[in-house]
Structure formats: structure tokens, C-alpha cells
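Remarks on the structure that follows.
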Amino acid sequence: NRGSLLFIEGIILPGLVLVALIPRIILAHQLDLVTDEIIYIMGGKGYFPLLLHLRFRSNLWLFNYEHPPVVKLLIGLSIFLNAHLGRMLSELFAARVPSILSGTILIVAIYWLGRAPFGRLVALLAALCLALSPWLVYFSALAYLDMTMTALITIAYLILWPAIRQPRLYLLSALLMGLGIASKYTAILALPGMIFFTAYYFIAIRPRLNIKQRPSVPWRWWLTALLLIPVTFFIADPAIWQQPYSLLLQSVLFEWHHSITGHLTFIAGQYGEHVPRWAVLYIIFAKLSIFVTLPAVFFLVYSVIQLVRFHLKRAKLSITEVTSIAYLCIWLVSLVSMFSLLNIVVGTHYHLPLAPPVALAGAYGIITLVRFISKAFHVSHVNTESHIDKETAAGGPETNGRQRIKFRSVVVPAVLFVLFAGPHLLGLLTSYAAEGYTSEIFNGENSVLQVAYPGYREAALWLIAHTRSSGRVGIVALPGTLNHGDYNSSWYSYNRGIQGRLTYSEVQPTSASFPFDYLMWPMHLIQRGYTIPEAWRSHVVHVITGGNTIYCYILANTPATIT
């Protein structure tokens, strides 16, 4: 009944928030500064005061203007509020708060907005799976652009379902899409799928409804929504207000030339300037459990069969079920197709927007499989609402049957949760810093994907614990990684607490010599061809790891100094 459902929702929603929020907060406190975070933090600290004082003509907007500013403004706002509330948080953690909140909102939205099209059980399975995913938890704990962008475009797509009957919601979807593009340009790759589903529904599905059930064709809402996307983007991007046409063109050309020249990266055991088209699938299968991805593949096969049968007028499914299948299938296929066009994938975070549809497809697929198996063995099937019809009769075989049904209605969903979300929880608990997690078919990231976590702080703490005398430590990094010109927003500033007896200096991996007592050499540089010099290779004294992934090597010029 309605009261029971409200009670259940009152438990599920706060529970989801806690399950999503706790690991993200812990990891955001734990993680060292990661490549590119400095850029976005400096951008946020520069942009927000300009916005606060309405200084839209300042040249400070030109810093990193090639990446749109919404997330950087949120980072700046978070740092500003933290400073005015007594600096209760470190600046680095404050800068990560927008991603933490965006990652949590994403999980809640997948459940809340996914119930109507996919059912409560599918939505809950997918939400829990992603709440505990080491991949999403890691990037939700960094001051990056991607998690906020992913949350915005995911919610924008999920709103298309209620928008069919409430067309004014197309405006909200367009607003979120505009903000997503103003967070990171790759958000625009989600737009073709949104347009295609809307067109498919009104062209192919709507005519099959009874005339009284057909929603009106909201031409005006569509046109307004299409206009609202660029308007929202422009309003949310003050960095280009001075010279909108030229600055936007330069920003787009920067990305275009970047895609032509390439960016050194590592994938599938090889490093190069560009990635192959299949990289998107490779990353999905590497960063999500096979208990998620394989059911998602089954869902794709099942959905294609059902849609073909629907168009041949042989489908036994209701129009609502067909629409639900088409809705998810188009979302997943369109994102895979569009993101496969990216020939530069510096890290797995580029493909984060695919995680929600893959998880929902996997949950839908695994529940469909359970229903098929149940029917094959003549047992009561589990529907997507996990709802058991009440039986009015009491006692006798009917009562026993009802008890068996209730037992299955509890046990089967519990087993599904363990199978679907359990591997991610295990990975989160066993892979330090979460980034090193890979699915069951891979043994760590070292020979599979570019390792995103450098592990400098952990290496420095290990050296402090295992040395007794003073010494010079070389932090092997590319230029601008540790300090981008502002000491207050640098690795050295964020790690003041570990400096003292040991002194740290940035050194490039291509240097002719390394006049240090110790070196910290991250795996991601080795993967991209910056190997440890021959003279130092026998001087490895420790490795920083997460699961089966090596994050960083620690080398000692004189290994005997290590205790």
C-alpha cells in the first residue's frame, strides 16, 4: 500500500545517500593531489572572485578558458565558503566537494528517476552498483570536471521519460544539458541520443497507442528547448563573454587541434598519441564488474529482439515495456557510438557518462534473466518492482504458497544485490585509493590502462617512516604537475605536514641526471615511455599499490639507508 511504499522510500533514499557519500568523503580526505586538479583549483580561485565582483572584462578569465567554467566556478565557490567559515576543511578537500556532491546526486537521481521507466528493483540495483563502484567513487573524490558533467547529462536524459507526458520538462532537460556542456564539452556527445529517442518515440511508438492515450506533439516545447541549450551554455560561460565568437572558436579549435596532434596515453599494453575506436568498450569492461557488463550485453541482445518483434507486430510486451526498452537501448548505444569518436582518452574519466546506462542495462538484463529462469522452472517470477500480489485466502496450501513467494521475494533480490553490487564493494575495500580496481577479467591496471593515481604522498609517508636521516627526494613528474605557478595551490602546499627532515623537489623524467637520495617514480610515466633509468632500476626499495595495481615506485640511491 501507499503507506508501506512511503516508508520503504524513506529508508532507501537516506540509505543511498549514505552509501554513496561515505566512501567519497573518505577517499577525498585520503587521496593525494592528482594531475590536472591544480589547473581547475587555480581556475576556480581565479574565476569566482571575478564573478562575485562582476568583473567580466578581466583577462583572468582567459586562464584555462579552453575548458568551460561551470565546475571551476563551483570549485571556487566551495573554496570561498570554506575560507569564510573558518577553514574547517583543507583547501584540497573543499575543492573536491562539488564532485562529491555531484557523484552522490547522480546515484540518487538514477534511483529516483529510474523507477518509472525501469522499475524500482532495476533502479535500486543500478544505483547501489554505481554508489560502490571504485571507478565512480575515485573520480567523485577529485576536483575534476567529469563527475559534475556526468551527473548533469544523466539527469537530463532521465528527465526525457516524464517529459513525454509533461512536455515542459523538456526545458529542464535542455537547461541541464546546457550546463553539462558548460562543464565539459564532451557532454554534447549525449545530445544525439536524446534527440533520437524523442524522435523514435513520437514517430514509431506513439502511433501504436490508442488515440486517447497519445501525448500531443509538443513542437513549441522542443523548439524552445533546442534554443535554451546554447543560451544556457552562453550564460554559464562568462569566460567567453568579452568576445563570444572568437573565444568560443579558439576554444573549440584548441580541442580540435588537440585531437589531431594527440596526447600520450596508455591502453591495452601500448602507449601512443591516439586511442582506437574500441577503447570505449575496453574501458567499460575493465572498470566495471563483469557481473554488470555481461548482463548489459544480454540486455542489448534482448532489447534488439524485442524491438524487432515490436515493429513486426509480434511482440507480447506492452507499449510501456517496449518504450522502456527502447529508452535504455538508445541511451546506451548512442553513448557508446558517440564516445567511441573520441580519439584522445587521457584517462578513463572521459568515459564516465557511460556508467549509468551500462549499470541500468546490466540490472535490467540480470532481472530479465532471473524471470526467464523462474518461468522455465515454473516458479513465481521476480518483477522489476519486487511486488507480490496479496492472497486473500488463509491457511492450507495457498498459505504455504504465499509464504514461499514471500521467502523468494526477499531472497532473490538479496542474491541479486550481492551478485550485482558485491564485486564493486569488494574492489572498494581491497583496492587502496580505489583507482587501481579492475574487473574480474584483468589483474590490475599496470598492463591494461593508464594508472591515474600517482601516489606521491603515500611514497613520501613511507620514506619518512623508513628513513632516519635527512635527504633529498626527487618527485618525478611532468612540468606543471606539482606546481603550476601558485605555491598556495601546489603539491608542496597541500603536503606541508610531511615536509621537514626530507626535502622534496620536482624533477622531469627526461632529466640527464638525478642528484637525489631518493626518487618517487609514478607508474603512469613508465607506462607512457618514461622508464626508470638503468642506473636506478636495481634500487627499487618499495612500491605503492592499490589492489594489484602499482601506483608508484620508491627508489633509494643507497638502499642501505632504508630501515
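In table form, for the structure just shown:
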quantity	calculated
Inter-residue pairs, beta-carbon under 8 Å, first free of Cβ contacts under 8 Å to residues at least 40 places away in the same chain and in the stretch 443-465, second of a type outside the set (Phe, Trp, Tyr), 6+ apart	461/498; 464/498; 464/501; 464/502
Listing of helices (runs of 4 or more DSSP H) fully contained in the stretch 166-271 that carry 2 or more residues being of a type in the set (Phe, Trp, Tyr) and in contact with a Phe, Trp or Tyr (Cβ under 7 Å, 6 or more places away or on another chain)	219-235
Number of the exception - residue 220 against (1) free of Cβ contacts under 8 Å to residues at least 12 places away in the same chain; (2) in contact with an Asp or Glu (Cβ under 9 Å, 6 or more places away or on another chain)	(2)
Selection count where residues are aliphatic (A, V, I, L, M), more than 15 Å from residue 49 (Cβ to Cβ) and within 25 Å of the chain's Cα centre (by Cα), scope the stretch 71-93	3
Residue list for the stretch 283-296, filter: in contact with a helix residue (DSSP H, G or I) (Cβ under 7 Å, 6 or more places away or on another chain) and in a helix (DSSP H, G or I)	283, 284, 285, 287, 291, 292, 293, 295, 296
Some residue of the stretch 297-319 being part of a loop (DSSP other than H, G, I, E, B), within 18 Å of residue 357 (Cα to Cα) and among the polar types (S, T, N, Q)	no
Count - residues of the stretch 423-443 that are more than 19 Å from the chain's Cα centre (by Cα) and in a loop (DSSP other than H, G, I, E, B)	4
Among (1) of a type outside the set (D, E, K, R); (2) surrounded by fewer than 24 Cβ atoms within 10 Å (Cβ to Cβ); (3) in contact with a helix residue (DSSP H, G or I) (Cβ under 8 Å, 6 or more places away or on another chain), the one test that residue 101 misses	(3)
Hits in the stretch 288-313 (condition: closer than 16 Å to residue 126 by Cβ and of a type in the set (Ser, Thr, Tyr))	289, 293, 303
Residue list for the stretch 238-281, filter: in contact (Cβ under 8 Å) with a residue 24 or more places away in the chain and hydroxyl-bearing (Ser, Thr, Tyr)	251, 259, 265, 271
Single residue of the stretch 105-128 satisfying the filter (of a type in the set (Val, Ile, Thr) and surrounded by fewer than 24 Cβ atoms within 10 Å (Cβ to Cβ)) that is farthest from residue 364 (Cα to Cα)	105
Boolean, residue 43 is on the phi > 0 side of the Ramachandran plot and either under 27 Å from the mean Cα position of the chain (by Cα) or not in a helix (DSSP H, G or I) (or both)	no
Filter pass, residue 278 being under 19 Å from residue 338 (Cβ atoms), assigned by TED's automatic domain parsing to the domain that holds residue 58 and either surrounded by 14 or more Cβ atoms within 10 Å (Cβ to Cβ) or out of contact with any helix residue (DSSP H, G or I) (no Cβ under 6 Å at 6 or more places or on another chain) (or both)	no
Options 131, 94, 141: the member that is at pLDDT 95 or above, buried (at least 24 other Cβ atoms within 10 Å of the Cβ) and within 19 Å of residue 350 (Cβ to Cβ)	141
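The values are calculated or read from the model by the stated rules, or taken from the named source; none is laboratory data. All values derive from a computational prediction rather than experimental measurement. Positions of Cβ are generated from backbone atoms using ideal geometry, with glycine treated the same way; all protein chains shown enter the neighbour counts.
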